[in-house]
Amino acid sequence: MKLFIAITLLILIALLIQNKYRGSILFTGLASIYFILDLINYDDFVKGFTNNSLLTLVLLLLVTISLERTVLIDYFSKFIISKSYNKTFLKFGLIVMSTSAFANNTAVVASLMSTIKNNKFHTPSKLLIPLSYFAILGGTLTLVGTSTNLLVNSFVVANGHESLKIFDFFYVGFFIALFGLITLYFTKFLLPDNKNSSSDDIEKHLIELKVSTNSKLIGKSVKDNDLRNLEYFFLVEIIRKNNSITPVTPSEIIEENDKLIFSGDVKHIEILRNYDGLIFVDDIKNSDIKTLNLVDAIVTPQSSLVGKRVKDANFRSKYDAAIVSFKRGSESILKIGEEVIQAGDRLILAVGNDFKNKENISKNFYLLSDIEKNQKYSTKQSIFVILGFISIILTSALGYISLFKALIIALIVLLFSKLLTINDIKRNFPFEIFLIIGSSIAISKVLANSGLANDIATVITASFGVYGVYGSFIGIYLVTMILTEFMSNNSAAAIVFPIAYSTAIGLDVSIYPFVFAVAFGASASFLIPHGYQTNLMVTSLGSYKTKDFIKAGIPLSIVYSLVVIIAIPIFFKF
């Protein structure tokens with residue numbers, strides 16, 4: 001049976017690294033298989049989904065919806081950018097890290113992406129990677145700074161130990177944030193200067209349009225239709241009956257249903273609007289290129305679109321929108337319809353009048369345009385929400401009331417004051433995280449009960465144990481850090497925690513250095529974009545390549561790791 005569990009665990013890791021399937025599906029599927037095969041009983045299977053820390057995390061994410069709607073981030077964004085890059089960088093780092101210690105990291109990054117993209121003084125690519133890194137560093141400061149910390153805490157509680165306190169992470173997190181900021185400041189010259197990610201420069205996109213049945217372009221050559229020397233655009237390819245015509249010669253005759261692929265600056269798409277009968281391939285009902293508005297959007301990690309082909313996503317019916325341009329990192333996607341959507345993809349959408357009224361917009365897209373996805377609170381409402389959230393943190397930190405109870409009270413107040421609605425909760429309920437954590441607790445139980453976690457721990461101890469307990473501790477951290485670069489941080493923590501726990505028990509030492517090794521190791525994602533959702537969010541907007549993250553992330557990863565392996569044993573004795 002151990003062999004079967006080991007094989008299924010390896011398959012899980014391989015599928016998570018491939019990033020083709022949702023983590024929630026993989027974890028829930030494996031936990032369900034274990035339950036069906038009686039490797040875990042009903043009570044233990046269900047217990048994972050009723051874990052106090054998991055429910056606390058769900059409540060926290062729901063309550064922080066209100067925090068995201070305050071004018072706090074908008075207020076910060078007004079003075080965060082200045083002419084001096086050095087001053088901007090430092091203000092930027094301090095504000096993002098402080099905010100990310102208590103607010104959802106993705107919300108902080110989403111709120112500031114548009115400010116950075118549209119700033120007049122600095123190339124966005126010089127600030128977007130730091131934005132993600134600062135959010136990650138800020139998340140290490142508190143228990144509520146990132147879902148990973150709460151996930152690890154849920155494992156601690158599930159194994160019969162007392163819950164971690166809100167500021168238990170601060171002892172090490174403070175030095176991580178401090179030395180992280182210093183490292184990023186002195187290595188900022190490693191950040192790429194991708195001019196095409198600046199709003200002041202021409203931003204190249206591939207735009208696919210179709211020649212409609214009654215178009216006046218039909219039967220005329222490219223030259224006669226004045227499609228040869230367009231300002232801001234270049235006709236790079238014609239797709240005719242699934243055959244590609246490239247390069248396109250001036251004498252090429254335009255035919256009905258031809259797909260014309262233009263390369264150029266999407267901000268000047270009005271030039272293409274002047275050509276009769278050019279429509280979007282995925283056309284919008286009762287709309288055409290002459291009447292639609294354009295919206296710049298990033299696909300969220302929680303989006304139901306992730307893993308679907310564009311042609312199967314039903315953009316027209318779901319969002320009253322069509323994809324004009326599709327970018328992933330610095331790459332423009334040509335065959336849009338066949339592409340499988342991933343978190344962090346950047347889409348230029350042509351939207352109809354109903355787009356902004358659709359209820360599923362905020363869950364699926366971070367909007368970089370002027371269309372508001374959520375109504376912002378007034379200043380008085382914002383102050384009320386912010387003071388309320390501070391009260392929650394302080395009262396629970398001082399031990400007057402548990403964080404779980406404080407969050408229940410806060411949610412009730414928000415609902416009765418109509419600052420949140422039931423529809424807000426339904427739209428923003430974190431099903432992905434809920435399923436991953438609940439299922440991973442069950443999987444952890446199977447690994448422990450089967451003895452497999454102990455066997456893996458023995459291997460780690462044998463490999464790193466020549467350096468004593470400290471060596472095993474470093475081994476656990478390194479395993480977690482490596483895994484988190486290839487899968488989500490929550491997935492990495494869920495897989496390594498039972499092994500770390502068994503290692504500590506086997507060595508007969510305190511579990512807490514190993515617990516924090518997993519928590520901080522799972523957040524150490526600085527080298528590969530898809531390892532952390534905020535990295536994914538900025539990848540396309542900054543036109544980054546993986547090598548950009550590697551170059552900027554190596555120094556930070558080294559300093560981060562040194563702080564972790566030195567500071568944890570100082571504050572949490574073996």
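The values are calculated or read from the model by the stated rules, or taken from the named source; none is laboratory data. In this text the structure is predicted, and so the values were computed from the model without any measurement. Positions of Cβ are backbone-derived with ideal geometry, glycine not excepted, and every protein chain shown enters the neighbour counts. Each accessible area value is taken on the protein alone, full model and side chains, heavy atoms only, with ligands, DNA and RNA left out. Shrake-Rupley method; radii C 1.70, N 1.55, O 1.52, S 1.80 Å.
Subtracting the Cα-Cα distance of Lys2 and Lys363 from 0.36 nm times their residue separation leaves 126.0 nm of extension gain. Extending each Cα 7 Å along its Cβ direction at Asp43 and Tyr470, get the distance between those two points in nm, one decimal. Modelled inter-label distance: 4.3 nm. Rolling a 1.4 Å probe across the protein heavy atoms gives segment 525-574 an accessible surface of 36 Å² per residue. Just the protein heavy atoms count here, and of the accessible area of segment 411-496 at 1.4 Å, carbon and sulfur take up 72 percent.
How far, in degrees from 0 to 90, does helix 452-464 lean away from the longest principal axis of the Cα atoms of the chain, to the nearest 10? With both axes taken from Cα atoms, the answer is about 90 degrees. Applying the criteria of a DSSP loop state and at most 13 other Cβ atoms within 10 Å to the trypsin sites (Lys or Arg not before Pro) of segment 87-153 yields Lys120.
Dipole size of the chain about its Cα centre, with +1 on Lys/Arg Cβ and -1 on Asp/Glu Cβ: approximately 720 debye, rounded to the nearest 20. At q = 0.12 Å⁻¹, what is the base-10 log of I(q)/I(0) for the chain according to the Debye formula with one equal point scatterer per Cα and no solvent? Please give it to two decimals. Taken in order of the listed q values, log10 I(q)/I(0) reads -1.18. Spacing of the modelled spin labels on Phe167 and Ile36, each 7 Å from Cα toward Cβ, amounts to 4.9 nm.
Taking the longest Cα principal axis of the chain as reference, the axis of helix 379-397 is set at about 30 degrees. The listed peptides 387-396, 96-105, ordered by packing as a protection proxy, come out as 96-105, 387-396 (highest mean of other Cβ atoms within 10 Å first).
Placing unit charges on each Cβ (+1 for Lys and Arg, -1 for Asp and Glu) gives the chain a dipole about its Cα centre, and among Thr123, Leu15, Phe571 the Cα reaching farthest toward its positive end belongs to Thr123.
Roll a 1.4 angstrom probe over the protein heavy atoms and tell me the percent of accessible area of segment 48-166 that is carbon or sulfur. Accessible surface attributable to carbon and sulfur in segment 48-166 totals 59 percent. Relative to the longest principal axis of the chain, what angle (0 to 90°, nearest 10) does the C-alpha long axis of helix 23-36 take? In the chain, helix 23-36 runs at an angle near 50 degrees to the longest axis. Convex hull of alpha carbon positions in segment 415-574: directionally averaged projected area 12.4 nm². At q = 0.11, 0.19, 0.22 Å⁻¹, what base-10 log of I(q)/I(0) does the Debye formula yield for segment 120-252 when every alpha carbon is treated as an equal point scatterer in vacuo? Result of the Debye calculation: -0.69, -1.09, -1.23.
Computed from the alpha carbon positions, the gyration tensor of segment 475-531 leads to an equivalent ellipsoid with semi-axes of 22, 9, 8 Å, biggest first.
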